[in-house]
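The values are calculated or read from the model by the stated rules, or taken from the named source; none is laboratory data. No experiment lies behind these values; they were computed from the predicted model shown. Note that each Cβ is placed from the backbone with ideal geometry, even for glycine, and that neighbours are counted across all protein chains shown. Heads up: the accessible areas ignore ligands, DNA and RNA and are worked out on the full protein's heavy atoms, side chains in. Shrake-Rupley method; radii C 1.70, N 1.55, O 1.52, S 1.80 Å.
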Amino acid sequence: MDPFNAGWLSILPPLIAITLALTTKEVISSLLVGILSGTLIYSVGMGHPHVLMGTVESAFNIMATKVDFNILVFCTLLGALVYVISMAGGSRAYGEWAIKRIRTRRASLLASGGLGAFIFIDDYFNCLTVGTVMRPVTDTYKVSRAKLAYIIDSMAAPVCIIAPISSWAAAVGSSLKSTGAFESDFAAFVSTIPFNFYAICCIAMVFALCIWKLDFGPMRRSEERAELGDVGNTDTETASMKVSEKGTIWDMLIPIGALIVFSVLCLMYSGGYWGTDPQYHSFQASLGNSSASSALVWASFGAMVVAFVLFVPRGVVSFRNFMDGSVEGMKMMLPANIILVLAWTISGVCRDLLQTPLFVESLVTDGGFSAMWLPAAVFIIAAFLSFSTGTAWGTFGILIPIVVPIAQALDPNLLVVSLSATLAGSVFGDHCSPISDTTILSSAGAGCSHIEHVSTQLPYACVVALAAFVGYVCAGITHANAVASLAASLITLFILVIGLHLYGNAKRKAALKAS
């Protein structure tokens, strides 16, 4: 399909989808309307003789090319694994074990954040695994599912984007390689880590909120409802699940542990660690060359085999119940999979059909920015593009080849910090976009309503983004002084969080007085 340069019209489809999603609280129809509006613009712009059929045809053609079948299979198998572990009594046994050791609400929150930081290999794996493991514990201590989803989402992509050994590092490295500006793609990626102010501040905010009760906005209301017993549980499918009485904590830890080990081994295998090319015979090199989506499918299948061998021969779950439970678990992931397909489609409509990247590139090159403002401007543009398309990988894949020559021309000293701003803005937009795959998977992993997750997380993400923006302004002024810029971001974050929390307290007291 030939592209059509739609100019500013190229940003209408995601804006329509996002506005409808936030207004109607229904994501699937909103995404579908956004997709059809984009293909309508495309059909009219390309002069299709049958506009109506051209709109529908273009929508499903781009959907067929953009669906990542491996990710759908991974999510489906992971849903099956989660269900059979719960059915075997593993989740219940873990919850009972953890409750005896995690004795406070604060400890349950810190454990959730710590587990999210530990699983840094891949954000998809992070999103669904942390939710599976921590839900029984956080439910016990009346932590809202919205808060758990926020912790999961904020410790997924932000952790992966500053982890040298991760699927994200591999994706960034491939984009850096295309510029030809660096001798070592890995060294270039590592150099961006201290300047990734959004990721660092995001992680800092998660642990601050876990330690101190500083919630504000919609999240505060969700937490207040949770304290009264309404955690926002959306796991209606498991309400009638027959849980085995024979399950132990090992019935959860062994399959999850197998998933982690298999994920690492499969990433190495797909990257050629045991292949014939000696350049990939190291852990880092093989990970950089790996196919994360394929590896995760193999790993999740392996974990299902381990669960079968662990449960069925011992009589914890019968063969028939194991197979029926697997199907039920797959059904649980259907809504998330549908949203993922539609999110990929609208992203493809914007990038491939309507040429949104060209519009963004024109904003960058024709904006007349001085070098001093380049990092902050790149952060905003990356955030806008990522939020609109729902993909961080696609955004930095688009912008890195654009940003590198611009930074080299304006001020080579700002090259690394401008690259960091590209990555940080991409993560911010992806973090808070309703059509982002990681946002969708975080709400699915936490068992939280997708719209509630988006609405409660958005104010927190925007606060962190504002703090990061201050850091990039400081970096431009100080010619990339990492210490001063990071300090400016963290101080700004601290002031904003404390101020908004105190403002919420004052507003609540005033409302109580008035009533």
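Descriptive notes on the structure:
- Efficiency of FRET between ASN5 and ILE477 - r from beta-carbon atoms, R0 30 angstrom, step 0.05: 0.25
- Per-peptide packing, taken as the mean over residues of other Cβ atoms within 10 Å, places 254-263, 308-317, 339-348 in the sequence 339-348, 254-263, 308-317 from highest down.
- Evaluating 6.51 cos²θ - 1.76 cosθ + 1.60 at θ = phi - 60° for every residue in region 495-509, the Karplus couplings come out as 5, 5, 5, 4, x, 5, 5, 5, 5, x, 4, 5, 5, 5, 4 Hz, glycine and proline recorded as x.
- The C-alpha atoms of the chain define a longest principal axis, and helix 12-24 lies at about 40 degrees to it.
- Each Cα pair under 8 Å and six or more residues apart adds its separation to the average, and for the chain the resulting relative contact order is 24 percent.
- Backbone amide hydrogens, once placed in the peptide plane, bring ILE162 within less than 5 Å of nothing, excluding anything fewer than 5 places away on its chain.
- Taking Lys and Arg as +1 and Asp and Glu as -1, the other residues whose beta-carbon sits under 10 Å from that of ALA80 total 0.
- For the chain, the longest principal axis of the Cα atoms and the long axis of helix 250-270 meet at an angle of about 40 degrees.
- Förster-model FRET efficiency, 22 Å R0, ARG508 and ARG106, C-beta, rounded to 0.05: 0.50
- Accessible area per residue for region 268-359, computed on protein heavy atoms with a 1.4 Å probe, is 44 Å².
- Only protein heavy atoms count here; on that basis, with a 1.4 Å probe, ASP352 has an accessible area of about 60 Å².
- Within region 473-515, the proportion of Cα pairs with more than 13 Å between them is 63 percent.
- FRET efficiency for the SER29 to LYS142 pair, using the beta carbon distance and R₀ = 41 Å, is estimated at 0.80.
- Size descriptor, Kirkwood hydrodynamic radius, that averages inverse alpha-carbon separations across region 38-146, Å: 17.2 Å
- Summarising the label geometry, the points placed 7 Å from Cα in the beta-carbon direction at GLU227 and ILE491 lie 3.3 nm from one another.
- The residues of region 21-165 expose, per residue, 36 Å² of accessible area to a 1.4 Å probe.
- Here the chain is treated as a sphere whose radius is the Kirkwood value from Cα pairs; by Stokes-Einstein at 10 °C and 1.306 mPa s it diffuses with a coefficient of 67 µm²/s.
- Subset of LYS66/LYS242; LYS213/LYS242; LYS100/LYS513; LYS142/LYS246 violating a 31 Å alpha-carbon distance limit: LYS66/LYS242; LYS213/LYS242; LYS100/LYS513
- Residue-wise HN-Hα couplings along region 450-459, as the Karplus relation 6.51 cos²θ - 1.76 cosθ + 1.60 with θ = phi - 60° gives them from phi, are 4, 5, 5, 4, 5, 5, 7, 7, 4, x Hz; Gly and Pro carry x.
- Residues in region 399-515 average 36 Å² of solvent-accessible surface per residue, probe 1.4 Å, ligands and nucleic acids excluded.
- In region 26-141, the portion of solvent-accessible area held by carbon and sulfur atoms comes to 69 percent [1.4 Å probe, whole percent, DNA, RNA and ligands not counted].
- Other-chain or far-sequence residues with amide H under 5 Å of SER290's (modelled H): none
- Size estimate for region 397-511 follows the Kirkwood approach: the inverse of mean 1/r over distinct Cα pairs works out to 16.2 Å.
- Helix 69-87 axis versus longest C-alpha principal axis of the chain: approximately 30°, rounded to the nearest ten.
- Packing-based ranking, highest mean first, of 66-74, 297-305 given that Cβ atoms within 10 Å are counted: 297-305, 66-74
- Karplus-derived 3J(HN,Hα), 6.51/-1.76/1.60, for each residue of region 416-424, Hz, glycine and proline x: 5, 5, 5, 4, 4, 5, 4, 5, 5
- Within the chain, helix-based [θ] at 222 nm, where runs of 4 or more DSSP H residues each add -39,500 (n - 2.57), nearest 500: -24500 deg cm²/dmol
- Carbon + sulfur, % of accessible area of region 369-458 - ligands and nucleic acids excluded, 1.4 Å: 72 percent
- Centroid-to-centroid separation of region 411-436 and region 41-110 [C-alpha atoms, Å]: 24 Å
- Accessible surface of region 210-350 [probe 1.4 Å, protein heavy atoms]: carbon and sulfur percent: 65 percent
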